[in-house]
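Read the structure below first, then the notes.
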Amino acid sequence: MAALKRSTALACAAVLRGVSAARRSPADDSLALSSPEGGCEFPCGAESVMKDNITFTIGEGSGISFEVKENYCLQSCEVVESKMLGTRKGCDAVLPGSTKVSKNRSSKLCCTTWACPTTTKTTSQSPAAPLAAKFACQTGQGPAFASYEANGQNSFEGCAALCDADEACRAFDYTEALSTHPELISLNPTFAKQDSCRLYKTAKLRQDGGREIRSFCSKVGVEEEDFEVEYLAGSSSSGCNHPCGTNAVTVGEAHFKIGSGKGIDYMASPDTCLG
């Protein structure tokens, strides 16, 4: 009788092992292997995710510039409901270091990103540190007229990547808005020079985020005092060609009334000058 009971128990165990193996699918194994060692909320290269019972298509929606990349995953995400959108707070105010990756009629999805391993096999090598870990961010902007580079990157990820790749860059500020300013004294003069992202050789901070609600991010470990002298010495070369808040300028023999003209929506501001 004892031998019969033992035989029955072994047979049941074998059946249970077979059921467990059958329940695992190749997709489960693939998902586990593709997740970075540092941990991500969603798999590498995910094109559609669900958060708080809302489905988001990554890279789609009004004002979304984020693109899905196979070698990046969404590390941590937060949903911003429509009732919160009226505050005009950027993603960084909800989740520091995050960027807007998707938007629908009722909400938007803000996420930090993480670099995935170069292969789908699990290895002992740690993935590259995410950009969010390399910068300390807060509401604010860099010193007036001190940026050495300005462009249209209107996300943390886009602007941080530029600063991270440039040894001269100590900090940057950015806004999710499509920000521009007039730049008339230039080889390519324009009334709409893009400046959503601005790079600085100083980590000096103005704690006012301005009307565009900018976020200021400095490289971790950099102190603003280290670059105060450099900023003061270089400010004249990056200053203004026209006074702050000016309503009219003359370039050569041409006269311009700032903010006037068909299709012009720029308005003179006392805290902004024409470079």
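Got a sec? Which of 5, 89 is out of contact with any Lys or Arg (no Cβ under 8 Å at 6 or more places or on another chain), open to solvent by 70 Å² or more (accessible area, probe 1.4 Å) and modelled with pLDDT under 50?
5
Could you give me the residue pairs with C-beta distances under 6 Å whose first residue belongs to the range 194-215 and is surrounded by fewer than 22 Cβ atoms within 10 Å (Cβ to Cβ), whose second residue is in a strand (DSSP E or B) and hydroxyl-bearing (Ser, Thr, Tyr) wherever it lies, and which are 6+ apart or on separate chains?
Within 6 Å, the pairs are 194/180; 209/139.
Would you point out which residue out of 133, 144 is at pLDDT below 95, surrounded by fewer than 19 Cβ atoms within 10 Å (Cβ to Cβ) and within 17 Å of residue 91 (Cα to Cα)?
133
Evaluate the following for residue 162: is it in a loop (DSSP other than H, G, I, E, B) and open to solvent by 60 Å² or more (accessible area, probe 1.4 Å)?
no
Conditions first: (1) open to solvent by less than 50 Å² (accessible area, probe 1.4 Å); (2) in a loop (DSSP other than H, G, I, E, B); (3) modelled with pLDDT under 85; (4) of a type outside the set (S, T, N, Q). Residue 37 passes all but one, so which condition is the exception?
So the condition that residue 37 fails would be (1).
Find the residue count for the range 175-228, including only residues that are over 20 Å from residue 91 (Cβ atoms) and of a type in the set (Ser, Thr, Tyr).
Number of matching residues: 5.
The values are calculated or read from the model by the stated rules, or taken from the named source; none is laboratory data. Quantities reported herein were computed from a predicted structural model and do not represent experimental measurements. Neighbour counts are summed over all protein chains in view; Cβ atoms, including those assigned to glycine, are modelled from backbone coordinates with ideal geometry. Accessible surface areas use protein heavy atoms only, side chains included; no ligands, DNA or RNA. Shrake-Rupley method; radii C 1.70, N 1.55, O 1.52, S 1.80 Å.
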